[in-house]
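Take a look at the structure set out below.
The values are calculated or read from the model by the stated rules, or taken from the named source; none is laboratory data. Remember, it's a predicted structure, so these values are computed and weren't measured experimentally. Using ideal geometry, Cβ is built from the backbone for each residue, glycine included, and neighbour counts are taken over all protein chains shown.
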Amino acid sequence: MRYLPKSPADRKEMLAEIGVSSIDDLFATIPEEYQFKRDLAIPRQHGESEIIDRFREYANQNATGYASFLGAGVYRHYRPVLIDTVVSRGEFLTSYTPYQPEISQGTLQAMFEFQTMICELTGMEIANASMYDGSTGAAEAIMMAVRVTGRDGAVIARTVHPEYREVIATYAQHQEIPLAEVGYAESGRVDLAALDAAINDNTACVLIQSPNFFGTIEDVAAIADIAHKKGALLIVSIAEAISLGIVKPPVEADIVSLEAQSFGVAPSYGGPFCGVIACKEKFLRQMPGRIVGETKDADGKRGFVLTLSTREQHIRREKATSNICTNQALVAMMTTVFLTVYGKEGMKDLAVQNLAKAKYAADTLGKGAKVLFEGAPRFHEFVLDLGRDAEAANTALLEKKIIGGLPLSKWYPELGPNASLWCATELTTKAQIDAAAEALK
Amino acid sequence: MSETKFVGTPKKVTTHVNQNEDLMFEKSSPGKKGYRLAELDVPAVDAASLLGGSVRTDLGVMPELSEIEIVRHFTRLSTWNYAIDLGMYPLGSCTMKYNPRVNELVSRLEGIAEAHPYQPESLSQGALGIMKLLSDCLIEITGMDTITLQPAAGAHGEFTGILLARAYHEAQGNARKKILIPDSAHGTNPATAAVCGYQVANLKSNAQGMVDIAELERMVDEDTAALMLTNPSTIGVFESEIHKIADILHAKGALLYMDGANMNALVGKTRPGDFGVDVMHLNLHKTFSTPHGGGGPGSGPVACKKILEPFLPKPVVVTKADGTLALDYDRPQSIGRVRAFYGNFGMFVRALAYILANGPDGLRQTTEDAVLNANYIRAKLEDTFDLQYKTRSLHEVVFSDKRQAKNGVKTGDMGKRLIDYGFHAYTVSFPMVVQGAMMIEPTESESREELDLLIDALKQIAREAEENPEVVTTSPHTTRLRRLDETTAARKPILRWKPTPNGTADSSALTPDTAAKEW
């Protein structure tokens, strides 16, 4: 087996040094009746070229060569070559969690840079070093708000990603956090009057998403006002992080839960992605997950360490702020490289290109369909009422090698069977948009 | 750099130049660019008129650097990291094994990396096929009946597994109140029980470091939902009375949860499903070689027995009558979703590539080599370090600093000194059942030569602890930075970089927090 660095002689000599006659002696503590004697019924040992062939076959059974208008929480953006250059370095790829800071400064400094950029982009004061993803991050943010406020309810906008809401429901049920849902107005934004009515004295927080699931940008300041007047915190979930290049950051929020997949992370059939929680400094002690902080070494030189670990499970056990241990460090590293490549000017230019593509797509596709929620600004997604069944329309589009928008009736039956969610990014070409519009005629 | 004070001659290392590198923000200057966008092929837009009051005008201290500076920045940072590719990580219960590069290649194939989770099932057969084959392999390896791949990491798998247990008990009319957890357990176990709304009952280990059967019998009652057991335990010992443990739990209607952190000791040699486990998680980033990446991503599939199948997170991958694969959302008793989409799919690809590279013979040999390595280290060092539990080790061995502590040298000091000898530290002060624990798991990825280097280094350190303890207690001496002040880091947290008001670069301390002292 090519991953095993031992010769048969090594094994024999080592057994002799240990003082046993066979390898089975080392497994003697496993009761005889539970010793597994046959071969596992799994595929035989493959050569490297066979492995690659097999996965090429799998890859070819997936969509390739299609123009896609799917977004809905997973976005296709250009990924600069430098990302793989950096994360393919064994020093980053194959290192452990930086619990020994003297030999982990590379990861730690990059994480400190990540935290800084996340703060800058979200308008928050502090950020952690990553969560699993945007959905679990949103659930953890709600649990955090419950600890901070001492209240126990959460009001969640119906325009938050439906799968995020499902995850939150799974987490909330055993924490005894009652969840209330608040609908959207004709603009596609949170219904402010309904929100005001939904918050009570027991509401720990309001969770919204902006841009929301329909691509509409919420009036964060107005929502924050309503929440804060009643003593509730505002959590803003951001599923499309590229929006932060041109959309005002949610500075009025108390906690931001970001999904950073858009920052150079492949769609990869839904993961691994990179969640992150950012918040006001005063909530630091209730933050879940690892945090990197600056300090000095014994000679006074600047260095970085994992800090405030007394919040975490390996110290606090059942009293920890969360059970999270492993996070998404390498994916956070990918986003760090992405943000460095685009930087201050590039993040804005990139976001504006997305705006331009989505504007052209909505205008063009809107000629043969109705664009819903026109009353509020949006980023790069929009809902189309196609005037016919969205699933059927998509089936027809597949013939033209086009994957149409995501049909919404499964989650939003009130929009009818004809509504679907479309996304255009900087990678969507004019030709693809024109072809989709032509095919939908 | 302080003067290096080796007692002997380290065989593995010598000092070398370590380049300094500022934070990217300190290297940034206005107008530099590391990108160029493609030409815009649609009409340009005016962001301010499209977004109105929602438009952003400033991106603050976001960096401005050119491509070569970015490459050098991250390359220089990378040289400050220790990594599996540089040498052994003797971290116990972490299973830091080799991360095969072919896994990286196949996870980046276009049809795999670009797959959108909402693309039609007919155009996702490859992705679903990967999930199906991986599931089948993991079910066979664990001896369980079914599996979910959705959890994003080990602790997330624990969360999912305990929710399955809870849903099962609820379906019987009583969710029950408590989870039993041995005192040797990983901190995520009690934290998970708490997140799932259970009380934690601590189970004391016996003199062999194993579950105390009599104590277990006393503690298990009709309020017990499950025991969370790590097997082999964190001291690397197989619970040889596992069948009794399972019987005691099952007799009271409680379930046996197995933390699969140490599955690298068992693959191909024994199966949890055969020895009474009802539900367990696996760590693909440990046992199945997906890279740890400086702390993640992981992946924590949960395998379980048939009785728990109705409660699995949705969706689950199913085979339709026509032989094609599909995602089934119609699961009325499901605990719900634990994560958006289907899990850390990119890790499934890597784990499956690892399984294919090994086959049944390779996986068994892997387990045998991992156990051989741990026992070799134990045999070579048991005269040098105190060994509290004498029971036969599987994949890891836990020594203690008892002998060296007499000279004021603690486990943490020796771990730091190991860095000077070219190794990562072993796991320090864990498990808590061993005072001054030195927990060593070599994995199968180490050659005899590398093991001998580690043994040599640890013997040198033990000698230093006798002859020159200060060289150990002030180590490491060869690293770019010396010991870092973690206390100040926690008391005056500086968690992001900020420019100072006069324009020069400096990090910015938050308000000193007195609460930290109480912790």
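Overview of results
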{"read-out": "Hey, B:L312 modelled with pLDDT of 95 or more, within 18 Å of B:T142 (Cβ to Cβ), not hydroxyl-bearing (S, T, Y) and not assigned by TED's automatic domain parsing to the domain that holds B:G161 or not", "value": "no"}
{"read-out": "Total residues in the stretch B:48-62, condition in a helix (DSSP H, G or I) and either in contact (Cβ under 8 Å) with a residue 40 or more places away in the chain or small (G, A, S) (or both)", "value": "5"}
{"read-out": "Total residues in the stretch B:446-496, condition buried (at least 18 other Cβ atoms within 10 Å of the Cβ), of a type in the set (S, T, N, Q) and within 7 Å of chain A (Cβ to nearest Cβ)", "value": "2"}
{"read-out": "Test: residue in the stretch B:332-341 that is farther than 30 Å from A:W411 by Cβ and at the interface with chain A (Cβ under 7 Å from one of its Cβ atoms)", "value": "no"}
{"read-out": "Within the stretch B:401-483, helices (runs of 4 or more DSSP H) holding 1 or more residues that are under 16 Å from B:I377 (Cα atoms)", "value": "B:411-420, B:448-467"}
{"read-out": "Scope the stretch A:33-66; condition among the β-branched types (V, I, T) and farther than 19 Å from B:P100 by Cβ; matching residues", "value": "A:T64"}
{"read-out": "Test: residue in the stretch A:358-377 that is at the interface with chain B (Cβ under 7 Å from one of its Cβ atoms) and not in a loop (DSSP other than H, G, I, E, B)", "value": "yes"}
{"read-out": "Qualifying residue in the stretch B:34-52 (condition: of a type outside the set (S, T, Y), at pLDDT below 95 and in contact with an Asp or Glu (Cβ under 9 Å, 6 or more places away or on another chain))", "value": "no"}
{"read-out": "Boolean, A:L4 is part of a helix (DSSP H, G or I), touching a Ser or Thr at 6+ places or on another chain (Cβ under 8 Å) and at pLDDT 95 or above", "value": "no"}
{"read-out": "Options B:G268, B:G296, B:G276: the member that is farther than 30 Å from A:T107 by Cα, within 22 Å of the chain's Cα centre (by Cα), small (G, A, S) and in a loop (DSSP other than H, G, I, E, B)", "value": "B:G268"}
{"read-out": "Verdict on B:D41 being out of contact with any Gly (no Cβ under 9 Å at 6 or more places or on another chain) and assigned to a loop (DSSP other than H, G, I, E, B)", "value": "yes"}
{"read-out": "Residue in the stretch B:276-285 that is surrounded by 24 or more Cβ atoms within 10 Å (Cβ to Cβ) and farther than 30 Å from B:K177 by Cβ present", "value": "yes"}
{"read-out": "Condition check for A:V352: at the interface with chain B (Cβ under 8 Å from one of its Cβ atoms), closer than 22 Å to A:I103 by Cβ and modelled with pLDDT of 95 or more", "value": "no"}
{"read-out": "Filter result (crowded, with 24+ Cβ neighbours inside 10 Å, more than 9 Å from chain B (Cβ to nearest Cβ) and part of a helix (DSSP H, G or I)) within the stretch A:140-164", "value": "A:E140, A:A141, A:I142, A:M144, A:A145"}
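Residue-wise test of (1) surrounded by fewer than 24 Cβ atoms within 10 Å (Cβ to Cβ); (2) at pLDDT 95 or above; (3) touching a Gly at 6+ places or on another chain (Cβ under 9 Å); (4) facing chain B (nearest Cβ under 10 Å).
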position	(1), (2), (3), (4)
A:D219	yes, yes, yes, yes
A:A222	yes, yes, no, no
A:I242	no, yes, no, no
A:A253	no, yes, yes, no
A:F263	no, yes, no, no
A:K282	yes, yes, no, yes
A:A320	no, no, yes, yes
